[in-house]
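The values are calculated or read from the model by the stated rules, or taken from the named source; none is laboratory data. Being a predicted model, the structure only gives us computed values, none of them experimental. Cβ sites come from the backbone with ideal geometry, for glycine too, and all protein chains shown count toward neighbours. Remember, those area values only see protein heavy atoms, side chains included, never the ligands or the DNA or RNA. Shrake-Rupley method; radii C 1.70, N 1.55, O 1.52, S 1.80 Å.
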Amino acid sequence: MTMKKILITGGSGLVGGHLVQLARAKWDVFATFYRHPFSFSGVHAVSMDLTRPDDVHRVVEKITPDVIIHCGALSDLDLCEKEPELCYRINAEATGILAELSSDMDCRLIYTSTDMVFDGQKGFYSESDKTRPINLYGKAKQDGEERIKDSCPQYVIARVALVYGRPVIRGNSFSEKILNRIQNGKTVFLFEDQYRSPILVANLAQALLELVELPFVGTLHLGGKDRVDRYTFGLKLAELKQIPTSLIVPSRMQDVETAAPRPLDVSFDISKTQHLLKTKLLGYHEGLYQI
Ligand SMILES: NC(=O)c1ccc[n+]([C@@H]2O[C@H](COP(=O)([O-])OP(=O)(O)OC[C@H]3O[C@@H](n4cnc5c(N)ncnc54)[C@H](OP(=O)(O)O)[C@@H]3O)[C@@H](O)[C@H]2O)c1
């Protein structure tokens, strides 16, 4: 029996890499890279530039996938603020092109959006809460969501919380950044006043692949079950890895100058997702034991 084809954009990234690894058992996997070519057993690695509509057409029309999981993104918040045009081309316009192609090909599209579509004033956001991004990354991802809803009947907008865990191919997660700095003897300043619902990358990939096979259409929040600030998360990580916590120092968002404004509390209500999925979304205590 021939396997169905799945196209994972951003296969060379943190989330895409985990999807590539997991999907191989069941799917004929095509995965894209841009600046970082990779090879992975049993996977077709394909070059694609999301800033070039002709290139996106070329890749998708050649593969004719049954499903696309769109993880390709310009995900650096501060770079997005400094390069607004590039941010829009990659995060909004390319998403629109993929939505149109998916519609033409009768292909299911899972789009990884972000908790940054919220302004952070409320916290514990559910899927029906109004979006109001405060930085360009969030605005472009929100624009991507709108383009998908406008033109793709078989869609899932999977809003993803802060991701942690070890990369499979490459990509830098929040927990890796903390561990790398500490291992190099450097101090890590972590916000004690920003709240998220961190999710383990392997757990996220499992949830996304479960979603591929469900008939669900709409928006879902994919986060871990705990709301936590970055400082508390960092202390728990250090404790579990038996690393001295003296290099982890609390900071407040107002004391750090960043190009992109950060929202205060973009934690998720994940009850709708948990009702739908068999995959249990782990809290950070459970998740950190697995890395
Ligand atoms: N990581 C998080 O904490 C987090 C939180 C919320 C939402 N998300 C969302 O989850 C998804 C995956 O995030 P991630 O952490 O895996 O991102 P990542 O590690 O930064 O990977 C980004 C991917 O996009 C590709 N890419 C960048 N520019 C491109 C271009 N011009 N053309 C084609 N591909 C390009 C990169 O390819 P190369 O490396 O080969 O250049 C890489 O494969 C994104 O949609 C992101 O917005 C992530």
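For the stretch 81-139, the calculated P(r) over all alpha carbon pairs, in 5 Å bins from 0 to the bin holding the longest distance, is 4, 16, 21, 19, 17, 16, 5, 1 percent. Think of it this way: in the chain, Cys71, Cys107, Cys152 stand alone, with no other Cys Cβ under 4.7 Å. Here's how it looks for Gly224: its modeled amide H is under 5 Å from those of Ile199, which are all 5 or more places away or on a different chain.
Rounded, prolate or oblate: which one fits the stretch 160-205, using the alpha carbon gyration tensor with axes a ≥ b ≥ c (rounded when a/c is under 1.5, else prolate when a/b beats b/c, else oblate)? Oblate shape, in that a/c is at least 1.5 and b/c is the bigger or equal ratio. Largest accessible area first, the listed residues Thr51, Thr64 line up as Thr64, Thr51 when surface is computed with a 1.4 Å probe on the assembled protein chains.
Considering only C-alpha atoms, what is the centroid distance from the stretch 165-221 to the stretch 86-101, in Å? That distance is 23 Å. Local charge for Asp28 was computed over the other residues whose Cβ lies under 10 Å away, with Lys and Arg +1 and Asp and Glu -1, and equals +3. The P(r) of the stretch 33-163 has a tail past 26 Å containing 22 percent of all C-alpha pairs. Note on the stretch 182-284: Cα-only Rg and Dmax are 16.3, 49 Å. From the alpha carbon centroid of the stretch 1-35 to that of the stretch 237-291 is 26 Å. Site-free segments of the chain were taken between GluC sites (Glu not before Pro) in DSSP loops having at most 15 other Cβ atoms within 10 Å, sites themselves excluded; the longest one is 1-212. With everything on Cα atoms, drop me the angle between helix 230-240 and the longest principal axis of the chain, reported from 0 to 90° to the nearest 10. Compared with the principal axis, the helix lies near 80 degrees.
Who wins for biggest fluctuation among Ser175, Ser103, Ser128 in a Gaussian network model of the chain, springs between alpha carbons below 10 Å? Comparing Ser175, Ser103, Ser128 in the GNM, the peak value goes to Ser128. With all protein chains kept in place, the per residue accessible area of the chain amounts to 45 square angstrom at a probe of 1.4 angstrom. Our summary gives the chain a relative contact order of 20 percent, counting only alpha carbon pairs under 8 angstrom and 6 or more residues apart. When every Cα-Cα distance of the chain is counted in 5 angstrom steps from zero, the calculated P(r) takes the values 1, 6, 12, 17, 19, 18, 13, 8, 4, 1, 0, 0 percent. Only protein heavy atoms count here; under a 1.4 Å probe, Asp28 has an accessible surface of about 40 Å². Accessible-area rank, largest first, for Met116, Met105: Met105, Met116, with all protein chains present and a 1.4 angstrom probe. Within the accessible area of the chain, the carbon and sulfur atoms contribute 49%, probe 1.4 Å, all protein chains present. Measuring only protein heavy atoms, the 1.4 Å probe finds Arg230 accessible over about 50 Å². Ligands, DNA and RNA excluded, the heavy atoms of Lys225 present near 110 Å² of accessible surface to a 1.4 Å solvent probe.
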